Amino acid sequence: MFDWLKKNKSGRPVEKSGADAGASVVVTIDGPSGSGKGTISRRVAEALGFNLLDSGALYRLVALAAEDACLSVRNTEALVELARHLDVRFDSDEGGEEKVWLGEQDVTKSLRSEETGASASIVAQLEPVREALIERQRAFRQPPGLVADGRDMGTRIFPDAALKIYMTASAEERAKRRHKQLKEKGLNVSLAALSRDIEKRDRRDSERTIAPLRPAMDAKLLDTTGQSIEAVTQQVLDWVAEL
Ligand code: DC
């Protein structure tokens, strides 16, 4: 394990103070939707006691705020203003389930819908919107470290990350996973429609000119097809241990 981390009483790693503390370590996990990066990022952050950045949630929040304000997803100037001033709060309910607030509004459920994902992917094509979110994302880099989940975490937001992972899975498995996830959240979508939407969104995310979805040159590739959450989490933790 990287030698500037030591365990505190709770067993969680904390950053050493002093000259060798340096910038907090960052692990980036990029990849297409349904690759498992959200679940794995959360598990890895929990295991390490690291902070977690779900960057997709920020793009989703801009899309939701735009919808709330009846703004077109093509109104770049207004979207940039929204992105700059997003009044967002992440917390959890009594059961430990994630809760997300946009101003006074509980957006937990609408945030994760496929419609919001699709609008987020459109908003995310606009470079000024991406730029407006850069500093907000980098501010998540706090001791003892950060696990950052997204599409351009390793390529653009944290190019100096200690460990970069590009997570994939077969298109079929990704659609099935998303389907299960949405069902568990009480959202009803047909698997065939979901597959089509995922394909469309991946194409848009990969083919855009600004910060497209692609592995960083120095990323480790991790195909999660047929692998359990536990096995994938362990693989990432093993890589972290090698740092
Ligand atoms: O990871 P997600 O499904 O919550 O992301 C929603 C959309 O946001 C995704 O289709 C593309 C965009 N996104 C992005 O462009 N860059 C990121 N770092 C994260 C998400």
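The single condition from (1) touching a residue at least 40 places away in the same chain (Cβ under 8 Å); (2) under 17 Å from the mean Cα position of the chain (by Cα) that Glu135 fails is (1).
When only residues in region 19-35 that are over 14 Å from Val240 (Cβ atoms) and in contact with a strand residue (DSSP E or B) (Cβ under 6 Å, 6 or more places away or on another chain) count, which is modelled with the highest pLDDT?
Once the filter is applied, the top-ranked residue is Asp30.
If the condition is being more than 13 Å from the ligand (Cβ to nearest atom) and among the polar types (S, T, N, Q), then region 111-141 contributes no residue at all. Within region 48-57, identify whether any single residue is of a type outside the set (S, T, N, Q), more than 16 Å from the chain's Cα centre (by Cα) and either within 11 Å of the ligand (Cβ to nearest atom) or within 28 Å of Pro159 (Cβ to Cβ) (or both), and answer yes or no. The answer is yes; a qualifying residue exists.
Of note, Ala175 satisfies the criterion of being under 22 Å from Ser41 (Cβ atoms), touching a Leu at 6+ places or on another chain (Cβ under 7 Å), in contact (Cβ under 8 Å) with a residue 60 or more places away in the chain and small (Gly, Ala, Ser).
It is to be established whether one or more residues within region 66-73 are farther than 24 Å from Thr209 by Cβ, open to solvent by 20 Å² or more (accessible area, probe 1.4 Å) and within 14 Å of the ligand (Cβ to nearest atom). No, region 66-73 contains no residue that is farther than 24 Å from Thr209 by Cβ, open to solvent by 20 Å² or more (accessible area, probe 1.4 Å) and within 14 Å of the ligand (Cβ to nearest atom). Among helices (runs of 4 or more DSSP H) entirely within region 132-243, having at least 1 residues that are surrounded by 15 or more Cβ atoms within 10 Å (Cβ to Cβ), modelled with pLDDT under 95 and of a type outside the set (Gly, Ala, Ser) singles out 171-184, 191-207.
Quick check on region 106-125: of everything there that is open to solvent by 60 Å² or more (accessible area, probe 1.4 Å) and without any contact (Cβ under 8 Å) to a residue 12 or more places away in the chain, which residue is nearest to Asp152 (Cα to Cα)? Checking each candidate, the answer is Glu115.
Residues in region 67-95 that are free of Cβ contacts under 8 Å to residues at least 40 places away in the same chain, closer than 21 Å to Gln142 by Cβ and not acidic (Asp, Glu): Val88, Arg89, Phe90, Ser92.
Annotation note: Cβ proximity below 6 Å between a residue of region 53-66 that is closer than 16 Å to Pro32 by Cβ and touching a residue at least 12 places away in the same chain (Cβ under 8 Å) and a residue that is β-branched (Val, Ile, Thr) and within 9 Å of the ligand (Cβ to nearest atom) (sequence gap 6+ or interchain) occurs for Tyr59/Val123; Arg60/Thr116.
If you check Gln227 against the conditions, is it more than 15 Å from the chain's Cα centre (by Cα) and more than 15 Å from the ligand (Cβ to nearest atom)?
For Gln227, the condition - more than 15 Å from the chain's Cα centre (by Cα) and more than 15 Å from the ligand (Cβ to nearest atom) - is met.
Total residues in region 118-131 satisfying the condition of being under 22 Å from Arg203 (Cβ atoms) and part of a helix (DSSP H, G or I): the figure is 9.
The values are calculated or read from the model by the stated rules, or taken from the named source; none is laboratory data. Because the structure is a prediction, the values reported are computed rather than measured. Note that each Cβ is placed from the backbone with ideal geometry, even for glycine, and that neighbours are counted across all protein chains shown. To get the accessible areas, we keep the full protein, side chains included, count just its heavy atoms, and leave off ligands, DNA and RNA. Shrake-Rupley method; radii C 1.70, N 1.55, O 1.52, S 1.80 Å.
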